[in-house]
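**Q** Questions regarding the structure given below will be posed in turn.
FYI, it's all coordinate maths here, none of it is from the lab. A quick note: this is a predicted structure, and the numbers were derived from the prediction, not measured. When we count neighbours, we look across all protein chains shown, and the Cβ atoms used for this are built from the backbone with ideal geometry, even at glycine.
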Amino acid sequence: MDKNAFNIERSREILKILSEKNRVTVSELEKRFNISGSTVRRLLNELERKGKLVRTHGGAVSIDNTAFEDSVDRKKKMKVAEKSAIALEARKFIKDGDIIMLGGGTTVFELAKLLHDLSGSVVITNSVIVAAELYSNPNIEVHIIGGTIRPVTGVIIGPQAIMSLNNIFAEKTFIGADSISLEYGITTPNAFEAEVEAKLMAQSKQVYLLADHSKFGKVTFTPQAGLEKVHHVITDEHTDERYINKLIELGIKVTVVKIA
């Protein structure tokens, strides 16, 4: 078999891997094909040029998992019952006087809507819609970090956002997720957004991940954080037990809510 035929066969195998697990690394392919990293990168670059995958740092992801990011307005209308139930459960873990961080996402926004009865609490957020929901409440001190607003999600990103968080600490952080994978952790379509959400997680004692069943078993463009950074997952009853059991094995507390 000539070199070109080998490359065609390898390219087919790479696309097969991506169809099964959504993501692959250069090091994985080096071992699989017994070829150099530079040869793997050339293959991945050529497949990206043909529109077959999307290159990432150290590998590639399936084009099906990166091509579309819903707007915040569209997301508000999706899985409404699940988000409401998850938010209601998450509310139980917030008490008067708490200092908390709220990330972006519409499930976290549902939680924000339940916080108006808090007293003496501080809310730090990178979400414009969360800040807009709470800023007029005289019993809650709202801090919105500085930076650039992403129009599609209403989340603040950029170096200034990271700097804003450097000297701020909270007892609890509540975040949502675009995609959750047992192998790759929490991933998101935007690298800048991932960086800020990861910083919110790092600046807190306890991290709560609010995610409905549709977020599991998926991988998107860029890593946000490993699952080991999460202390408590709140999800709904339709989440596959395989994911729930694995999270528990990892030492993560899991709360499963019923959908009314």
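**Q** Looking only at the chain, where both bridge partners belong to it, what percent of the DSSP beta bridges are antiparallel (to the nearest 5)? Before the final figure, lay out each step's value.
**A** Details: 17 of 43 bridges.
Approximately 40 percent, going by the DSSP bridge assignments.
**Q** Okay, moving on. What ³J(HN,Hα) values, in whole Hz, does the Karplus curve 6.51 cos²θ - 1.76 cosθ + 1.60 give for region 10-16 when θ = phi - 60°, with x put for Gly and Pro?
**A** 5, 4, 4, 5, 4, 5, 5
**Q** Amide H of residue 59: which non-local residues (sequence gap of 5 or more, or other chain) have their own amide H closer than 5 Å, using H built in the peptide plane?
**A** Here 26 satisfy the definition.
**Q** How big is the gap, in Å, between the Cα center of region 221-260 and the Cα center of region 1-47?
**A** 32
**Q** Quick one, which of (1) 22.0; (2) 19.5; (3) 18.8 is the actual Kirkwood radius over Cα pairs in Å calculated for this model?
**A** Working out Kirkwood radius over Cα pairs in Å from the coordinates points to (2).
**Q** Suppose R0 equals 41 Å. What FRET efficiency, 1/(1 + (r/R0)^6) with r the Cβ-Cβ distance, do residue 171 and residue 42 give to the nearest 0.05? Show your work: numbers first, answer last.
**A** Numbers: r = 49 Å, r/R0 = 1.19.
For R0 = 41 Å, the calculated efficiency reads 0.25.
**Q** Now, a different point. Check which residues have an amide H placed less than 5 Å from residue 121's amide H, if you skip close sequence neighbours.
**A** Long-range HN contacts for residue 121: 97, 141.
**Q** A follow-up question, please. When only C-alpha pairs under 8 Å and at least 6 residues apart count, what is the relative contact order of the chain, in percent? Walk me through the intermediate numbers first.
**A** Working: 503 pairs, mean separation 39.9, N = 260.
Over the chain, the number comes to 15 percent.
**Q** Starting from the 7 Å offset along Cα-to-Cβ, what nm value, one decimal, do you get for the label separation of residue 28 and residue 78?
**A** Calculated label separation equals 2.3 nm.
**Q** For each pair in 79/113; 31/215; 79/218; 21/199; 52/218, compute the distance between the two Cα atoms and list the pairs where it is over 20 Å. Don't jump to the answer; show the numbers that get you there.
**A** Details: 79/113 16 Å; 31/215 30 Å; 79/218 16 Å; 21/199 27 Å; 52/218 18 Å.
Correct reply: 31/215; 21/199.
**Q** By DSSP, what percent of the beta bridges with both residues in region 166-260 are antiparallel, rounded to the nearest 5?
**A** Of the beta bridges lying entirely in region 166-260, close to 30 percent run antiparallel.
**Q** R0 = 25 Å: FRET efficiency of residue 57 with residue 214, Cβ-based, nearest 0.05? Can you show the working numbers first?
**A** Details: r = 26 Å, r/R0 = 1.06.
Step by step, r from the Cβ atoms, then E = 0.40.
**Q** Can you run phi through the Karplus equation (6.51, -1.76, 1.60; θ = phi - 60°) for region 53-60 and list ³J(HN,Hα) in whole Hz, with x for Gly and Pro?
**A** Running phi through 6.51 cos²θ - 1.76 cosθ + 1.60 with θ = phi - 60° gives 7, 10, 6, 10, 5, x, x, 7 Hz.
**Q** Next question, about the same structure. Output the pairs from 95/258; 205/229; 95/253 with a Cα-Cα distance over 21 Å in this structure; if there are none, say none. Please list the in-between numbers first.
**A** Working: 95/258 23 Å; 205/229 10 Å; 95/253 19 Å.
Those over the limit are 95/258.
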